[in-house]
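The values are calculated or read from the model by the stated rules, or taken from the named source; none is laboratory data. Remember, it's a predicted structure, so these values are computed and weren't measured experimentally. Every residue, glycine as well, gets a Cβ built from its backbone with ideal geometry; the counts of neighbours run over all protein chains shown.
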Ligand SMILES: NC(=O)c1ccc[n+]([C@@H]2O[C@H](COP(=O)([O-])OP(=O)(O)OC[C@H]3O[C@@H](n4cnc5c(N)ncnc54)[C@H](OP(=O)(O)O)[C@@H]3O)[C@@H](O)[C@H]2O)c1
């Protein structure tokens with residue numbers, strides 16, 4: 001499906017994005033890797049080009065800068081690369097009481113998780129539509145489905161990702177371009193440290209490995225799924241939440257986020 005095509009993956013230097021990059025590469029897909037850590041991206045590019053007959057372009061960039069999406073788009077165009085798959089994976093969270101959150105860091109998070117994802121999609125979609133072919137994979141979260149006390153703003157960014165992705169999937173039905181929202185539960189990556197989380201309720205209930213989450217996301221692309229929640233436990237939780245009274249959902253959600 002992706003052999004000979006090109007995928008642009010944001011947040012490819014670690015965690016879920018790193019594992020997704022390896023899966024695309026193994027299928028013969030050329031890659032454009034984006035994150036801030038140039039060294040890690042170059043190392044991954046070397047490893048993948050040695051293992052597979054693909055080309056890998058490394059574009060180090062801070063995607064929380066408002067101009068970053070346009071700069072990425074221009075750099076890709078300048079190199080004459082056609083992006084067939086866009087993976088909007090880069091993101092981070094902030095754990096703790098909202099009132100204590102650093103306002104500048106919070107804006108950076110919203111910029112990265114929401115604005116950059118939206119603008120990259122807007123920029124790369126016309127090319128996909130012109131070719132009647134393409135796929136956009138957006139990384140949401142189980143936090144996309146319910147309010148997330150103690151990660152209130154982060155949870156809201158992920159609710160946006162799910163709403164945006166589902167709406168766009170429907171708008172694009174029949175166009176040849178598909179959209180998938182991958183919604184992981186707790187996954188062992190650098191996310192917890194970056195988000196200031198240590199041991200919290202939901203993590204104690206069980207976490208998944210990044211490689212398993214990436215495999216589920218990759219399979220969902222192949223099957224053209226619009227939304228995929230990773231793991232049976234997370235799926236059951238999301239399903240039962242539909243029938244639970246909202247005040248109970250809020251309270252359980254807070255309990256799960258407490259240290
Ligand atoms: N892990 C979980 O429990 C979990 C659960 C649900 C959803 N998610 C979502 O999964 C996605 C991937 O996260 P992860 O768990 O794999 O976390 P991770 O290991 O921390 O990886 C995050 C990736 O995003 C990149 N990134 C962060 N800030 C960036 C910036 N300003 N500009 C460019 N790249 C940036 C990081 O690279 P650099 O640091 O090199 O820039 C890294 O490659 C995120 O959207 C996250 O919200 C994670």
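Cβ separations smaller than 7 Å between residues 6+ apart or across chains give the following pairs from region 82-98 residues that are over 18 Å from residue 122 (Cα atoms) to residues that are at pLDDT below 95 and outside any loop (DSSP other than H, G, I, E, B): 92/191; 92/194; 93/191. Among the residues of region 174-204, the one identified as within 13 Å of the ligand (Cβ to nearest atom) and at positive phi is 196.
Within region 204-222, the set of residues being free of Cβ contacts under 8 Å to residues at least 24 places away in the same chain and out of contact with any strand residue (DSSP E or B) (no Cβ under 9 Å at 6 or more places or on another chain) comprises 204 only. Quick one: in region 129-161, which of the residues that are away from the ligand (no atom under 11 Å from the Cβ), touching a helix residue (DSSP H, G or I) at 6+ places or on another chain (Cβ under 8 Å) and in a helix (DSSP H, G or I) is farthest from residue 114 (Cα to Cα)? Among those residues, the one meeting the criterion is 152.
The rows are residues; the columns are (1) assigned to a helix (DSSP H, G or I); (2) surrounded by fewer than 17 Cβ atoms within 10 Å (Cβ to Cβ); (3) on the phi < 0 side of the Ramachandran plot.
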site: 214; (1), (2), (3): yes, no, yes
site: 218; (1), (2), (3): yes, no, yes
site: 234; (1), (2), (3): yes, no, yes
site: 243; (1), (2), (3): no, yes, yes
site: 248; (1), (2), (3): yes, yes, yes
site: 256; (1), (2), (3): yes, no, yes
site: 259; (1), (2), (3): no, yes, yes
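Evaluate the following for residue 35: is it surrounded by 14 or more Cβ atoms within 10 Å (Cβ to Cβ) and over 14 Å from the mean Cα position of the chain (by Cα)?
no
Among the residues of region 162-206, those that are part of a loop (DSSP other than H, G, I, E, B) and either surrounded by 16 or more Cβ atoms within 10 Å (Cβ to Cβ) or modelled with pLDDT of 95 or more (or both) comprise 172, 173, 174, 175, 176, 184, 185, 186, 189, 195, 197, 200.
Checking each residue in region 21-43 for being over 15 Å from residue 84 (Cα atoms) and in a helix (DSSP H, G or I) picks out 22, 23, 26, 38, 39, 40, 41, 42, 43.
Among the residues here, residue 117 does not qualify as touching a helix residue (DSSP H, G or I) at 6+ places or on another chain (Cβ under 6 Å), within 15 Å of the ligand (Cβ to nearest atom), within 26 Å of residue 215 (Cβ to Cβ) and in contact (Cβ under 8 Å) with a residue 24 or more places away in the chain. Scoring residue 101 on the criteria (1) away from the ligand (no atom under 11 Å from the Cβ); (2) within 27 Å of residue 126 (Cα to Cα); (3) touching a residue at least 40 places away in the same chain (Cβ under 8 Å) leaves a single failure, condition (2).
Here is the figure for region 66-81: residues that are farther than 27 Å from residue 213 by Cβ, in contact (Cβ under 8 Å) with a residue 24 or more places away in the chain and outside any helix (DSSP H, G or I) total 1. Take residue 69 and tell me if it is surrounded by fewer than 19 Cβ atoms within 10 Å (Cβ to Cβ), at pLDDT 95 or above and within 13 Å of the ligand (Cβ to nearest atom). Against the criterion (surrounded by fewer than 19 Cβ atoms within 10 Å (Cβ to Cβ), at pLDDT 95 or above and within 13 Å of the ligand (Cβ to nearest atom)), residue 69 does not qualify. Of the numbered criteria (1) over 18 Å from the mean Cα position of the chain (by Cα); (2) within 26 Å of residue 111 (Cα to Cα); (3) away from the ligand (no atom under 12 Å from the Cβ); (4) surrounded by 17 or more Cβ atoms within 10 Å (Cβ to Cβ), the one residue 74 fails is (4). Taking region 82-95 as the range and being assigned to a loop (DSSP other than H, G, I, E, B) and within 16 Å of the ligand (Cβ to nearest atom) as the test, the residues that pass are 89, 90, 91, 92, 93, 94, 95.
Every condition in (1) out of contact with any helix residue (DSSP H, G or I) (no Cβ under 8 Å at 6 or more places or on another chain); (2) more than 9 Å from the ligand (Cβ to nearest atom); (3) within 20 Å of residue 20 (Cβ to Cβ) holds for residue 112 except the one numbered (2).
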